[in-house]
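Enquirer: Below is one structure. I have some questions about it.
The values are calculated or read from the model by the stated rules, or taken from the named source; none is laboratory data. Worth saying up front: this structure is predicted, and the values here are computed from it rather than measured. Note: ideal-geometry Cβ built from the backbone for every residue, glycine included; neighbour counts use all protein chains shown.
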Amino acid sequence: MLDPIAAYRTAQVVSASRAGQIVLLYQGAIRLGTQHLAWLERTEIEQAHRSSIRCQEIVAALRGALDLSAGPIALQLDQLYDFVLQRLAMGNATKQARPTEEALQVLRGLLEAWQGIAARPTEALTDASFENAPRQLLAAPVPSGPLVEAGLYAAGGARR
């Protein structure tokens with residue numbers, strides 16, 4: 001049976017630009033991290049755990065898609081993703097909100113930056129417009145597999 005909402009969300013992910021796909025992944029991670037906090041507050045530990053694990057999977061997929069040879073921004077993103085993953089794991093293990101809140105704060109900052117990038121026309125994404133952002137990082141192809149799968153459920157279309 002075809003789920004029209006899942007089909008719509010899948011189309012949204014597939015038709016988005018590379019930067020748009022990254023924005024969707026951040027939005028999904030933030031949504032799941034926020035759900036983790038809500039489940040913790042309700043003492044629904046199993047649901048909180050599931051939300052945290054799904055959030056961690058998205059961040060791990062973003063981290064795995066980095067081209068670390070692209071320059072210092074890619075290395076800094078790698079370090080931020082490492083921090084976020086550590087805080088998410090700590091929040092899940094201890095069932096305390098603070099580590100997850102810290103991770104969400106970083107993700108929200110990154111989301112804001114990527115929304116700015118995604119809002120620009122593709123032809124505006126050049127080395128001149130991003131002096132500190134290597135073009136390779138912004139133009140790297142989005143791999144199939146885990147990142148696309150993460151994008152699907154980040155948008156709410158799969159793995160429910």
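Enquirer: Any residue at all in the stretch 82-91 that is more than 20 Å from Leu24 (Cβ to Cβ), part of a helix (DSSP H, G or I) and of a type in the set (Phe, Trp, Tyr)?
Expert: yes
Enquirer: Moving on. Condition first: touching a Lys or Arg at 6+ places or on another chain (Cβ under 8 Å) and surrounded by fewer than 16 Cβ atoms within 10 Å (Cβ to Cβ). Can you find one or more residues in the stretch 24-37 that meet it?
Expert: There is no residue in the stretch 24-37 that is touching a Lys or Arg at 6+ places or on another chain (Cβ under 8 Å) and surrounded by fewer than 16 Cβ atoms within 10 Å (Cβ to Cβ).
Enquirer: Next up: Is there any pair linking a residue in the stretch 109-130 that is among the β-branched types (Val, Ile, Thr) and modelled with pLDDT of 55 or more to one that is surrounded by fewer than 13 Cβ atoms within 10 Å (Cβ to Cβ) and part of a helix (DSSP H, G or I), with Cβ under 7 Å and at least six apart or on different chains, and which?
Expert: Short answer, once both residue conditions are applied: none.
Enquirer: Based on what the data block shows, is Val148 modelled with pLDDT of 95 or more and either on the phi > 0 side of the Ramachandran plot or β-branched (Val, Ile, Thr) (or both)?
Expert: For Val148, the condition - modelled with pLDDT of 95 or more and either on the phi > 0 side of the Ramachandran plot or β-branched (Val, Ile, Thr) (or both) - is not met.
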